[in-house]
1. Where in region 79-174 are there helices (runs of 4 or more DSSP H), lying fully within it, with 2 or more residues that are within 14 Å of ILE68 (Cα to Cα) and in contact with a Pro (Cβ under 7 Å, 6 or more places away or on another chain)?
2. For the list (1) free of Cβ contacts under 8 Å to residues at least 60 places away in the same chain; (2) open to solvent by less than 40 Å² (accessible area, probe 1.4 Å), I need the number of the one condition that SER114 fails.
3. Taking the conditions exactly as written (touching a residue at least 60 places away in the same chain (Cβ under 8 Å) and over 24 Å from ALA153 (Cα atoms)), does VAL59 satisfy them or not?
Amino acid sequence: SYGAPGLGNGSDLELLAPPAPPVGFQSIGRSGLSHPGLVGFLVAVGLVAGAVAGYEHPVTYTADARLIVGRTSGLAEDEVPGLAAAVQGLASDYARLITSTNVISATEANLHSSALPGTLTASPVPQSSIIDVKATASNEAVAVSLANAGAVALTKVVTQVTNDTQAQFKPILQ
């Protein structure tokens with residue numbers, strides 16, 4: 001005959017009860033209730049450590065400036081076939097120029113500084129002809145100035161590159 005294990009039917013398997021806790025063992029909750037001074041001390045140490053960590057972390061401010069690429073007076077992007085895709089590509093290409101030495105130097109000149117007072121990045125806004133110039137600094141006003149100076153410098157460098165390219169092609173077109 002077949003029987004269920006652990007029911008005293010000759011099987012080697014027996015149902016086991018969970019092991020008893022060691023003598024003198026208290027759960028964390030009961031231990032905390034019986035030692036409120038220790039719990040209060042640990043909470044105070046945690047609060048102080050958190051406050052110190054939060055105080056030591058420097059505050060950074062972020063500012064944005066946006067540039068539109070490829071706007072021509074009187075023309076919308078959808079009026080010329082391929083213009084929307086072309087200006088999206090240009091926005092992506094121009095955004096990468098933000099780390100070039102020409103843009104960095106022009107930004108420093110715009111700020112009347114020998115070094116950037118923060119970080120400057122640029123990225124194209126997906127599916128658009130917009131470049132988002134982002135600056136971070138330790139001061140709100142400095143972040144705004146850096147973003148604006150970087151946008152102006154990027155515009156200046158792109159315009160200069162465009163003019164140089166047109167000058168190179170002028171003899172060919174003539």
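1. Qualifying helices (runs of 4 or more DSSP H): 83-96.
2. (2)
3. yes
Every residue, every condition in (1) under 59 Å from the mean Cα position of the chain (by Cα); (2) at pLDDT below 70; (3) in a helix (DSSP H, G or I), yes or no:
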{"residue": "SER1", "(1), (2), (3)": "no, yes, no"}
{"residue": "ASN9", "(1), (2), (3)": "no, yes, no"}
{"residue": "LEU13", "(1), (2), (3)": "yes, yes, no"}
{"residue": "PRO18", "(1), (2), (3)": "yes, no, no"}
{"residue": "GLY24", "(1), (2), (3)": "yes, no, no"}
{"residue": "PHE41", "(1), (2), (3)": "yes, no, yes"}
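The values are calculated or read from the model by the stated rules, or taken from the named source; none is laboratory data. All figures in this text were calculated on a predicted structure; none of them were measured in a lab. Ideal geometry is used to build each Cβ from the backbone, glycine not excepted, and the neighbour counts take in all protein chains shown. Protein only, heavy atoms only, side chains kept; ligands, DNA and RNA dropped before computing areas. Shrake-Rupley method; radii C 1.70, N 1.55, O 1.52, S 1.80 Å.
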